[in-house]
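Undergrad: My questions all concern the structure below.
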């Protein structure tokens, strides 16, 4: 994923791709019908929403994480390049204890560690066995986590501004369709 892709969903999709019959799916910063309509006006044929569906009843996400999404605003998210050890180059996350501990990017020298690196912050109790979770590990905060949720990274996009409640995914989709229709009609 490139930095350009992860920073914002407000960039115009490539018109040349749409002209060649390649479907354009807009993603990033989309959490309500106005944003969907904006993406469609820019040439997108579809959208991908992440943060909004974290706060759905069906999402197997830790209740603390869902509450943080509902309570957060976009100023509570941090754009963080090079946070995890998985080769992705960009992330937007909610502020938690892991982010302030990061103290900048991955250390330049291979022998230097980030604060708290390697520290076990909890355990995921999974059907196939328990799995210890280290700080900076790329793992989704799920209900099966035993530990302080504030020690685990919580992904969240700028669209947190539009998330005001936890509700069934079907209701979210119906609201998005209604909002998009209203926005496109205006």
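Undergrad: Mind checking which pairs have a first residue in segment 129-149 that is on the phi > 0 side of the Ramachandran plot and touching a residue at least 12 places away in the same chain (Cβ under 8 Å) and a second that is surrounded by 14 or more Cβ atoms within 10 Å (Cβ to Cβ) and part of a loop (DSSP other than H, G, I, E, B), Cβ under 7 Å, 6 or more apart or different chains?
TA: Within 7 Å, the pairs are 136/83; 136/84; 136/114; 136/117.
Undergrad: Same structure again: Take segment 123-151 and flag every residue that is touching a helix residue (DSSP H, G or I) at 6+ places or on another chain (Cβ under 8 Å), crowded, with 17+ Cβ neighbours inside 10 Å and more than 30 Å from residue 34 (Cβ to Cβ).
TA: Across segment 123-151, the qualifying residues are 135, 136, 149, 151.
Undergrad: Output the number of residues of segment 25-82 satisfying the condition of being within 25 Å of residue 181 (Cα to Cα), without any contact (Cβ under 8 Å) to a residue 40 or more places away in the chain and not in a helix (DSSP H, G or I).
TA: Adding up the residues that qualify gives 10.
Undergrad: Between 101, 154, 105, which is surrounded by 14 or more Cβ atoms within 10 Å (Cβ to Cβ), more than 19 Å from the chain's Cα centre (by Cα) and at pLDDT below 85?
TA: Being surrounded by 14 or more Cβ atoms within 10 Å (Cβ to Cβ), more than 19 Å from the chain's Cα centre (by Cα) and at pLDDT below 85 holds for just one of 101, 154, 105, which is 101.
Undergrad: Filter segment 20-39 down to the residues that are touching a strand residue (DSSP E or B) at 6+ places or on another chain (Cβ under 9 Å) and more than 20 Å from residue 161 (Cβ to Cβ) and list them by number.
TA: 23, 24, 25, listed by residue number.
Undergrad: Additional query: Can you go through 34, 11, 15, 52 and tell me which one is at pLDDT 90 or above and surrounded by fewer than 18 Cβ atoms within 10 Å (Cβ to Cβ)?
TA: The conditions single out 34.
Undergrad: Which one of these does residue 85 not meet: (1) farther than 25 Å from residue 53 by Cβ; (2) in a loop (DSSP other than H, G, I, E, B); (3) modelled with pLDDT of 90 or more?
TA: (3)
The values are calculated or read from the model by the stated rules, or taken from the named source; none is laboratory data. From a predicted model like this one, the values you see are computed outputs, not experimental measurements. A quick note on method: Cβ atoms are made from the backbone with ideal geometry, for glycine too, and the neighbour counts reach across all protein chains shown.
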